[in-house]
Amino acid sequence: MKNYYKIAIILSFFGLWLTSFFSIENQIITGFSLILTFGILHGGNDILIAKNILLQKKAYSFIQILCFYIAIISFCSFLFYLIPAVILFLFILVSGYHFGEQQLRFLNNHKNKIIIQSIQLFHGLLILFFMFEFHSKQVRDIIFDITSVEITPNYITYSLYGILILFSFGCLYLFVEFKNLTKTLFKELFFLLVFIIIFKVSSLIWGFTIYFILWHSLPSIFDQITYLYGDYSKLNFIKYIKAAALYWFVSLIGLAVFYFFLNDIKHFNAMFFVFLASITFPHVVVIFAMVKK
């Protein structure tokens, strides 16, 4: 969608304006609701995308792909209980690359893949760590709930500084090597400034929701629709929703079961991020393969 990012900016600041009327509790409820709809929905057709990619080689059946996908999610969930600190660290790295690749996808066709992918990683990590920095106490509490490891505020701050320095070198490289992309690069830096304002002004969950839905999930859905059906249209969007409905429904049932057994909102918040992490790993692999195609 040609003018989507202009709309996303307007909706982002509209979302910030809404915080004047929403209590923190209502922001959390609304944020989780949106993540559970559009957020999870954007990974709802991973199996269909994987089928399109793998069946071209006629090496795997749809059932095999489905079982393999479920096995990865289950294995990731198991590893979170076995080595939570290691898997959480990997989740942050993978999510950082996934977010950065989505934002800087226009760089994918250029040479020096390792440098480009490193810059995409630093960009995504920068987004995450600005959010972590502005909500350090809540983030550290969630990390402790998941891993039983306490980290200091300085750990997040110094990590942010380090990532910012690395990303700055990456930007310098891009401005020197790709002068024809100067306008696009400045636009992405402006978007990054928008993200910083969102994370600074809003609560943790609401800020993450605005970014995750408007700047990641919906653009990803548009890309997936184009890949699956040839182009984006309202009819193809409806096809996408129908195809992803079962995955979305099963995901909600799974979370409901988690909450029923935990019956503790504090632990549920941690479990929610464990759940997101478990479905993120296979999703990133599928989207990476899709982009390659």
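The values are calculated or read from the model by the stated rules, or taken from the named source; none is laboratory data. These numbers come from a predicted model, not from an experiment. FYI the Cβ positions are ideal-geometry reconstructions off the backbone, even for glycines, and counts take in every protein chain you see. For accessibility, only protein heavy atoms count, side chains too; no ligands or nucleic acids. Shrake-Rupley method; radii C 1.70, N 1.55, O 1.52, S 1.80 Å.
Hey, what's the stretch 134-262 come to in accessible area per residue, 1.4 Å probe, Å²?
I get 54 Å² per residue for this part.
Over the alpha-carbon set of the chain, divide Rg by the Kirkwood Rh and report the Rg/Rh ratio to two decimals.
Dividing the radius of gyration by the Kirkwood radius yields 0.94.
Enumerate the helices in the chain for which the Kyte-Doolittle hydropathy averages -0.5 or more and the C-alpha atoms extend at least 27 Å along the helix's axis, using complete DSSP H runs.
Qualifying helices, which must be both long enough and hydrophobic enough, are 62-82, 84-103, 113-134, 153-177, 182-201, 234-262, 265-292.
Could you tell me the number of lysine pairs in the stretch 131-259 with C-alpha atoms less than 23 Å from each other, where the two lysines are 8 or more residues apart or belong to different chains?
So the count of such lysine pairs works out to 4.
How far apart, in nm, are the 7 Å Cα→Cβ label points at Phe89 and Phe13?
A separation of 4.1 nm, rounded to one decimal place.
Let me cross-check Phe175: its accessible surface, 1.4 Å probe, with only protein heavy atoms counted, in Å² to the nearest 10?
Its heavy atoms expose roughly 50 Å² to the probe.
Any chance you could run the full-extension gain for Ala245 through Tyr161? It's 0.36 nm times the residue separation minus the Cα-Cα distance, nm to one decimal.
26.1 nm is the gain from fully extending Ala245 to Tyr161.
In debye, nearest 20, what is the charge dipole magnitude of the chain about its Cα centre with +1 on Lys and Arg Cβ and -1 on Asp and Glu Cβ, if you could check? Please report the intermediate quantities before stating the final value.
Details: 20 positive and 12 negative charges, 223 e Å.
For the chain, the charge dipole is close to 1060 debye.
Computing the accessible area with a 1.4 Å probe over protein heavy atoms, can you report the carbon and sulfur percentage for the stretch 73-157? Numbers along the way, then the final one.
Working: 2820 of 4120 Å².
The nonpolar share, carbon plus sulfur, comes to 68 percent.
Could you grab the relative contact order for the chain? Cα pairs under 8 Å, six or more apart, rounded to a whole percent.
34 percent
Given the Cα atoms of the stretch 58-161, and with Rh set as the inverse mean 1/r over their pairs in the Kirkwood sense, what is Rg to Rh to two decimals?
We get a ratio of 1.07 for the stretch 58-161.
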